[in-house]
1. Only one of D243, D198, D265 is modelled with pLDDT of 95 or more and under 30 Å from L97 (Cβ atoms); which?
2. Sort out for me the strands (runs of 3 or more DSSP E) sitting completely within the range 129-246 that have 1 or more residues that are in contact with a strand residue (DSSP E or B) (Cβ under 6 Å, 6 or more places away or on another chain) and of a type in the set (G, A, S).
3. Checking the structure you have, find out if any residue of the range 247-269 is among the β-branched types (V, I, T), surrounded by fewer than 16 Cβ atoms within 10 Å (Cβ to Cβ), assigned to a helix (DSSP H, G or I) and out of contact with any Ser or Thr (no Cβ under 7 Å at 6 or more places or on another chain).
4. Quick test for you: out of V70, V15, pick the one residue that is under 20 Å from S166 (Cβ atoms) and not charged (D, E, K, R).
5. Looking only at the range 56-67, count every residue that is crowded, with 16+ Cβ neighbours inside 10 Å and either hydroxyl-bearing (S, T, Y) or at negative phi (or both) and tell me the total.
6. A182 - would you say it is aliphatic (A, V, I, L, M), surrounded by 15 or more Cβ atoms within 10 Å (Cβ to Cβ), at pLDDT below 95 and on the phi < 0 side of the Ramachandran plot?
7. Which residue pairs have Cβ atoms closer than 8 Å, lie 6 or more positions apart in sequence or on different chains, and pair a first residue in the range 119-141 that is among the basic types (K, R) with a second residue that is part of a strand (DSSP E or B)?
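The values are calculated or read from the model by the stated rules, or taken from the named source; none is laboratory data. Just so it is clear, the model here is predicted, and its values are computed rather than measured. Here the Cβ is made from the backbone with ideal geometry for all residues, glycine too, and neighbour counts use every protein chain on show.
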Amino acid sequence: MSAASRLLAEFRDQVRLPQRDAGPSDIIERVGRVLRTYPDNPERDGASVESPEGLGATEQEIEGAIDTQVAFFRGRGQSFEWKTYADDPPADLVDRLRRRGFDVGEVEVVMLGNSADLIHDVDPPAGLLIREFCGDDWERVRVLMDEVWGTGATWVNDAMRAEQDSNPALLRPVLVEETEGAKRVVSYAALRLTPGVDFAGLWGGTTHPKWRGRGLYRALTAYRAKLALAAGHPFVRVDTAPDSRPILTRLGLHQVTTTTPCVFDPRGSSRSG
């Protein structure tokens with residue numbers, strides 16, 4: 001078995017099958033072979049579904065499992081993401097969800113590897129400082145996030161702040177800020193640690209357009225990898241976008257599978273289900 005295959009098998013056993021990606025206050029339920037995670041408040045975003053064991057052997061079982069999840073979240077009036085993986089059966093799940101009215105997002109490559117491989121002496125450019133943060137610094141990060149992604153992503157900022165407030169030892173965000181003038185936050189990413197799991201999650205990676213191509217993502221990655229290894233997590237996992245993938249490949253991470261987000265919003269008038 002290759003190194004990539006071994007890592008994928010461990011990731012599935014340690015993270016996906018027991019659903020260890022849930023937030024500290026999320027409700028976690030198993031419905032047949034489906035793992036369902038959602039905030040108790042239906043007005044909050046962040047609900048998700050995964051099916052690492054597949055949906056069944058027959059057409060009736062597969063379609064029935066999809067129907068069950070759509071009906072559940074429609075009843076709550078809550079949007080949710082079916083986080084599909086290329087190695088999960090059935091192979092045509094994304095197409096099935098698209099036909100049911102799910103909005104299909106961009107394909108991301110899941111990368112796994114050794115934390116130690118990411119640790120390099122990478123300093124930010126002159127005039128910038130990299131550090132962990134908490135508290136009111138989240139509002140400064142919000143300014144960056146809104147500017148880059150728009151206010152539609154504000155819920156991510158709020159959810160991660162709440163997660164850190166709940167358990168600051170497990171959500172370790174890092175920012176890059178100017179040392180002079182307005183001291184604006186120009187880049188940000190987060191590290192999520194899960195007790196009893198070897199894999200640390202490298203999340204985010206937002207850099208102001210003015211500062212892209214200056215090594216900030218690599219610096220944030222090295223910084224977080226040091227924190228992960230020091231906390232006893234020998235491996236890291238990243239759902240990568242095209243910009244970060246070449247950097248992580250050069251650092252030694254393995255491309256093990258792909259994941260495609262499929263979002264169903266019962267509040268959207270265009271979705272008939």
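1. Result: D265 is the single residue among D243, D198, D265 that is modelled with pLDDT of 95 or more and under 30 Å from L97 (Cβ atoms).
2. On the way: elements: 171-178, 185-192, 199-207, 235-240.
The strands (runs of 3 or more DSSP E) meeting that bar are 185-192, 199-207.
3. yes
4. Unique residue meeting the criteria: V15.
5. Result for the range 56-67: 3.
6. Numbers: aliphatic (A, V, I, L, M): yes; surrounded by 15 or more Cβ atoms within 10 Å (Cβ to Cβ): no; at pLDDT below 95: yes; on the phi < 0 side of the Ramachandran plot: yes.
For A182, the condition - aliphatic (A, V, I, L, M), surrounded by 15 or more Cβ atoms within 10 Å (Cβ to Cβ), at pLDDT below 95 and on the phi < 0 side of the Ramachandran plot - is not met.
7. Here the result reads R131/V174; R131/L175; R131/E177; R140/L175; R140/E177; R140/V185, each pair linking the range 119-141 to a residue that is part of a strand (DSSP E or B).
Here's the yes/no breakdown for (1) more than 27 Å from P24 (Cα to Cα); (2) touching a residue at least 24 places away in the same chain (Cβ under 8 Å):
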site: M145; (1), (2): no, yes
site: L170; (1), (2): no, yes
site: T179; (1), (2): yes, yes
site: A182; (1), (2): yes, no
